[in-house]
Amino acid sequence: RVTGINFGVYYGFTDNNEGIIFYNLSGKKMTFNLTDGTAAGTYAVRWSDIDRNGHMNNTRYADFMWDFLPSHLQGGTPCDVELYFAGESRQGDVLVNCTSQEGDNVLCVAADNDRGRAFAAKITFGNP
């Protein structure tokens, strides 16, 4: 079990040709780039993923991103996770996942449904 992870959850960001731009809780402008991203797979949103409002439960996005870690990071220890919600996903939506690595220890993940970006995340790994 991993402990001591900084885990931030944020709503709203801009996704444009500069990359994904967001402001963390302290107001600092943050960016990460998925323009060189690699398609990593798809995920069909199931009934068990849905909350009472008929949308994919926010906690399921975190589960989803762990399932698409590249093999060389699967044994790593995450020390910082930033998860950004952009749009709702519904039962039957197919999320198309894209990943991009920044250096040796940072992975950017994003997923889109047919209405646009659903979420993006940035995961920083420490020493295993």
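A few remarks follow.
- Only residues that are exposed (fewer than 11 other Cβ atoms within 10 Å of the Cβ) and at pLDDT 90 or above were counted across region 54-74, and they come to 1.
- Restricting attention to region 46-101, the residues that are polar (S, T, N, Q) and in a helix (DSSP H, G or I) total 4.
- Residue selected from region 78-103 under the condition surrounded by 15 or more Cβ atoms within 10 Å (Cβ to Cβ) and among the β-branched types (V, I, T), by the criterion nearest to K122 (Cα to Cα): V81
- Near pairs, Cβ below 8 angstrom, 6+ apart or cross-chain, from region 40-53 (surrounded by 11 or more Cβ atoms within 10 Å (Cβ to Cβ)) to any residue that is of a type in the set (F, W, Y) and assigned to a loop (DSSP other than H, G, I, E, B): A40/F68; G41/F68
The values are calculated or read from the model by the stated rules, or taken from the named source; none is laboratory data. Computed from a predicted structure; not experimentally measured. Positions of Cβ are backbone-derived with ideal geometry, glycine not excepted, and every protein chain shown enters the neighbour counts.
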